[in-house]
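For reference, the structure is listed below as structure tokens.
The values are calculated or read from the model by the stated rules, or taken from the named source; none is laboratory data. Note that the structure is predicted; figures quoted are calculated from it, not measured. Don't worry about glycine lacking a Cβ; one is built from the backbone with ideal geometry, like all the others, and counts go over all protein chains shown. Heads up: the accessible areas ignore ligands, DNA and RNA and are worked out on the full protein's heavy atoms, side chains in. Shrake-Rupley method; radii C 1.70, N 1.55, O 1.52, S 1.80 Å.
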Amino acid sequence: RLRADAVCAPLDPGWWIPAPAQGALAVEALADRADVAELFAPLEDAGARAEISCERAFARTLEGGCSVPLGCLARSGAGGLVATGWLASPLTQQSIRDRISGPVDSAEALGTELAEAVLAGGGDELLADVRDADAMEPSPP
């Protein structure tokens with residue numbers, strides 16, 4: 001639990017890249033409940049949707065899951081979408097960080113392209129470290 005005297009500060013996204021879609025909120029409804037979807041339609045944020053689409057495409061391309069140390073932060077604005085992606089090895093101190101920008105309506109493609117750039121820059125070796133680290137984990141009894 002957080003103590004009242006704990007030292008805390010916002011995390012600087014220039015240094016710390018969060019996991020994809022961190023902080024995003026979603027409302028779910030049954031597919032056959034158009035009335036519910038209509039009720040929540042005014043809450044739709046096209047910029048946030050683009051950011052999440054980009055970040056998730058990055059993670060999906062890198063086969064990201066709970067054991068893959070990666071992060072992606074996309075921000076949309078008047079100039080388009082800017083995304084920063086990060087991938088690290090759980091076995092070494094190596095990590096790769098890259099950035100991409102482009103039109104908001106290409107968010108998913110930008111996330112995929114960013115992940116492919118990370119892979120081309122040595123990310124495939126870092127993902128091999130992830131698989132090796134997973135193989136070293138003891139099996140549950």
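Yes or no, residue by residue, for (1) closer than 30 Å to residue 134 by Cβ; (2) in a helix (DSSP H, G or I):
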site	(1), (2)
18	yes, no
21	yes, no
24	yes, no
55	yes, yes
59	yes, yes
82	no, no
85	yes, no
118	yes, yes
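Can you pull out the residues in the stretch 1-60 that are of a type in the set (Asp, Glu) and surrounded by 10 or more Cβ atoms within 10 Å (Cβ to Cβ)?
Correct list: 38, 44, 45, 51, 55.
Does the stretch 87-99 include one or more residues that are surrounded by 22 or more Cβ atoms within 10 Å (Cβ to Cβ) and either among the aromatic types (Phe, Trp, Tyr) or in a helix (DSSP H, G or I) (or both)?
Taking the stretch 87-99 first, the residues surrounded by 22 or more Cβ atoms within 10 Å (Cβ to Cβ) are 87.
Imposing the further condition that a residue be either among the aromatic types (Phe, Trp, Tyr) or in a helix (DSSP H, G or I) (or both) reduces the set to none.
Scanning the stretch 87-99 turns up no residue that is surrounded by 22 or more Cβ atoms within 10 Å (Cβ to Cβ) and either among the aromatic types (Phe, Trp, Tyr) or in a helix (DSSP H, G or I) (or both).
Can we say residue 63 is on the phi > 0 side of the Ramachandran plot, open to solvent by 40 Å² or more (accessible area, probe 1.4 Å), at pLDDT below 95 and not aromatic (Phe, Trp, Tyr)? Walk me through how you get there before you give the answer.
Working: on the phi > 0 side of the Ramachandran plot: yes; open to solvent by 40 Å² or more (accessible area, probe 1.4 Å): yes; at pLDDT below 95: yes; not aromatic (Phe, Trp, Tyr): yes.
Yes, satisfied.
Is there a residue in the stretch 124-132 that is touching a helix residue (DSSP H, G or I) at 6+ places or on another chain (Cβ under 8 Å), of a type outside the set (D, E, K, R) and either surrounded by 14 or more Cβ atoms within 10 Å (Cβ to Cβ) or outside any helix (DSSP H, G or I) (or both)? Yes. Filtering the stretch 69-95 to residues that are modelled with pLDDT of 90 or more and of a type in the set (A, V, I, L, M, F, W, C) leaves 70, 72, 73, 74, 78, 81, 82, 83, 86, 87, 88.
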